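Asks: Just passing along the structure, written as structure tokens.
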């Protein structure tokens, strides 16, 4: 099943359609990490109380969501990154749209090990990456207060 998740308001509400498993009315398990929506990753259980607000995360699935945005990424570089993420981190490439990638990586790897893999990709390609589900205030790019949910994983 697919559900529309609120992303932001840019003249009008912006939504991302995501694959989910319905647990009960308005409560879902995310089956693939989002490419636009922040504060979610594959395996998270969340509730949509208000369709024009960010969903409420009820339980973390234990994965970091990694976003990479670029004008384009060569298929060879995508394949190489996917192979590294699978073999070194037991993660997955959850989405590809033009030069944008979304990956899910188990938090149990630790942020340093995860950063090593993605920093190597950045050094090779010049393309930046970031954790998409670690910040408390997702509506303020300047606020870097961490959620720290992974410390309990």
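The values are calculated or read from the model by the stated rules, or taken from the named source; none is laboratory data. In this text the structure is predicted, and so the values were computed from the model without any measurement. We place every Cβ from the backbone using ideal geometry, glycine too, and count neighbours over all the protein chains shown.
Asks: If you check residue 85 against the conditions, is it closer than 28 Å to residue 56 by Cβ and either at pLDDT 95 or above or exposed (fewer than 12 other Cβ atoms within 10 Å of the Cβ) (or both)? Explain how you work it out, then say what you get.
Replies: On the way: closer than 28 Å to residue 56 by Cβ: no; either at pLDDT 95 or above or exposed (fewer than 12 other Cβ atoms within 10 Å of the Cβ) (or both): yes.
No; evaluated as a whole, the condition is false for this residue.
Asks: With the requirement that a residue be in contact (Cβ under 8 Å) with a residue 24 or more places away in the chain and loosely packed, with under 12 Cβ neighbours inside 10 Å, what does region 109-132 give you? I'd like the intermediate steps shown before the answer.
Replies: Filtering region 109-132 down to residues in contact (Cβ under 8 Å) with a residue 24 or more places away in the chain leaves 111, 113-114, 117-118, 120-121, 124-125, 127-132.
Matches in region 109-132: 124 only.
Asks: Listed residues 17, 29, 22; which is surrounded by 15 or more Cβ atoms within 10 Å (Cβ to Cβ), assigned to a strand (DSSP E or B), touching a strand residue (DSSP E or B) at 6+ places or on another chain (Cβ under 8 Å) and not assigned by TED's automatic domain parsing to the domain that holds residue 118?
Replies: Among 17, 29, 22, only 29 is surrounded by 15 or more Cβ atoms within 10 Å (Cβ to Cβ), assigned to a strand (DSSP E or B), touching a strand residue (DSSP E or B) at 6+ places or on another chain (Cβ under 8 Å) and not assigned by TED's automatic domain parsing to the domain that holds residue 118.
Asks: Answer yes or no as to whether residue 93 is under 18 Å from residue 44 (Cα atoms) and touching a strand residue (DSSP E or B) at 6+ places or on another chain (Cβ under 9 Å).
Replies: Considered against the rule, which asks whether it is under 18 Å from residue 44 (Cα atoms) and touching a strand residue (DSSP E or B) at 6+ places or on another chain (Cβ under 9 Å), residue 93 comes out as yes.
Asks: Tally up the residues in region 98-108 that are surrounded by fewer than 18 Cβ atoms within 10 Å (Cβ to Cβ) and either in contact with a helix residue (DSSP H, G or I) (Cβ under 9 Å, 6 or more places away or on another chain) or at pLDDT 95 or above (or both), please.
Replies: 2
Asks: Moving to a separate point now. Tell me, yes or no, whether region 38-48 has at least one residue that is at pLDDT 95 or above, farther than 14 Å from residue 18 by Cα and either assigned by TED's automatic domain parsing to the domain that holds residue 126 or more than 15 Å from the chain's Cα centre (by Cα) (or both).
Replies: no
Asks: Within region 50-72, is there a residue that is surrounded by 14 or more Cβ atoms within 10 Å (Cβ to Cβ) and more than 16 Å from the chain's Cα centre (by Cα)?
Replies: Scanning region 50-72 turns up no residue that is surrounded by 14 or more Cβ atoms within 10 Å (Cβ to Cβ) and more than 16 Å from the chain's Cα centre (by Cα).
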